[in-house]
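Visitor: Got a structure for you, questions after.
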Amino acid sequence: GETISTGVFSLKVFLSPGHSPGHICLYEPDKKILFSGDHILPNITPHIGLHPQSGNNPLGDYINSLNELKQLDTELILPAHEISFSGLKQRIDNIIQHHHQRNSNILAKIKGKPISAYQTAKGITWLSDKDGAGWQKLQKWEKRSAILETLSHLEFMRFEGKVDKFSKDGIIYYHQS
């Protein structure tokens with residue numbers, strides 16, 4: 001909610017957690033420019049994983065902040081990666097749709113039996129922006145990211161009441177509610 005004035009720009013600060021808990025975006029309303037950082041990228045979705053610093057529902061936080069930013073009148077979006085772009089509302093709709101599709105894929109995987117986040121991550125397609133890849137094609141760091149993202153989606157759906165979790169023999173399992 002604060003504004004940073006530079007003489008040339010008056011940048012409104014928006015807290016935009018998800019990719020990282022303290023992430024911010026900067027908006028220049030007169031010039032209709034959004035500095036989106038890692039929050040909104042033109043071609044890929046940022047990593048939204050569950051980890052000790054992320055809070056309890058990083059995907060929920062991310063989607064809420066996307067919906068807030070969607071209300072901005074923008075002509076130019078300047079991300080931290082890739083290229084500048086326009087069409088903020090459409091891009092946000094695409095990102096949210098991606099996460100809804102991932103939730104559907106995860107729900108299909110856990111339907112009928114409780115399984116762990118690791119087992120769930122192994123059974124879904126990743127890297128959809130690169131025509132998809134199964135678990136075996138992922139690099140080690142991509143597998144770690146996939147598990148953290150799966151946890152983020154499972155916890156998001158748990159907050160929505162779509163899945164439950166329980167612990168057995170030191171392993172956390174998820175199942176449909």
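Visitor: Cα-based Rg of the range 1-103 per 2.2 N^0.38 Å, rounded to two decimals?
Guide: Here the answer is 1.04, to two decimals.
Visitor: Scanning the chain for helices, which whole DSSP H stretches are 15 Å or more long along the axis (Cα) and average -0.5 or more by Kyte-Doolittle?
Guide: 58-69, 140-159
Visitor: Which of the lysines could a cross-linker span from Lys137 if the Cα-Cα distance has to be under 29 Å and same-chain partners fewer than 8 positions apart are dropped?
Guide: Lys137 reaches Lys109, Lys111, Lys113, Lys122, Lys165.
Visitor: Hey, got a sec? Which GluC sites (Glu not before Pro) in the range 28-106 land in a DSSP loop and have at most 11 other Cβ atoms within 10 Å? Working shown, then result.
Guide: Working: sites: Glu68, Glu75, Glu82; in loops: Glu75, Glu82.
Loop-located and lightly packed - Glu75, Glu82.
Visitor: If you plug each phi of the range 33-43 into the Karplus form 6.51 cos²θ - 1.76 cosθ + 1.60 with θ = phi - 60°, what whole-Hz ³J(HN,Hα) values come out, in order, with x for Gly and Pro?
Guide: Ordered by residue, 3J(HN,Hα) equals 10, 10, 8, 8, x, 8, 6, 10, 10, x, 10 Hz.
Visitor: Could you list which residues have their amide H under 5 Å from that of Leu11, counting only those 5 or more apart in sequence or on another chain, with H placed in the peptide plane?
Guide: Amide H to amide H, under 5 Å and 5 or more residues apart or across chains, Leu11 pairs with Ile4, Ser5, Thr6.
Visitor: Can you tell me the dipole magnitude for the chain around its Cα centre, using point charges on the Cβ only (Lys, Arg +1; Asp, Glu -1), in Debye to the nearest 20?
Guide: Magnitude of the dipole: close to 840 debye.
Visitor: Add -39500 (n - 2.57) for each DSSP H run of 4 or more in the chain, then divide by its residues: what number comes out at 222 nm, to the nearest 500 deg cm²/dmol?
Guide: -11500 deg cm²/dmol
Visitor: Which of the listed residues, Gln97, His39, Ile172, is farthest toward the dipole's positive end in the chain, when Lys, Arg count +1 and Asp, Glu count -1 at the beta-carbon?
Guide: Ile172
Visitor: Pull up all non-local amide H partners of Ile115: gap of 5 or more, or a different chain, and H-to-H distance under 5 Å with H placed in the peptide plane.
Guide: Amide H neighbours of Ile115: Tyr174.
Visitor: Leaving out ligands and nucleic acids, and using a 1.4 Å probe, what accessible area per residue does the range 4-112 come to in Å²?
Guide: Ligands and nucleic acids excluded, the figure is 49 Å² per residue.
Visitor: Can you send over the carbon and sulfur percentage of the accessible area for the chain, probe radius 1.4 Å, protein chains only?
Guide: Ligands and nucleic acids excluded, carbon and sulfur reach 50 percent.
The values are calculated or read from the model by the stated rules, or taken from the named source; none is laboratory data. The structure presented is a predicted model; accordingly, all values stated were derived computationally and were not measured. Cβ atoms come from the backbone with ideal geometry, glycine included; neighbour counts cover every protein chain shown. Surface areas here come from the heavy atoms of the whole protein model, side chains and all, with no ligands, DNA or RNA. Shrake-Rupley method; radii C 1.70, N 1.55, O 1.52, S 1.80 Å.
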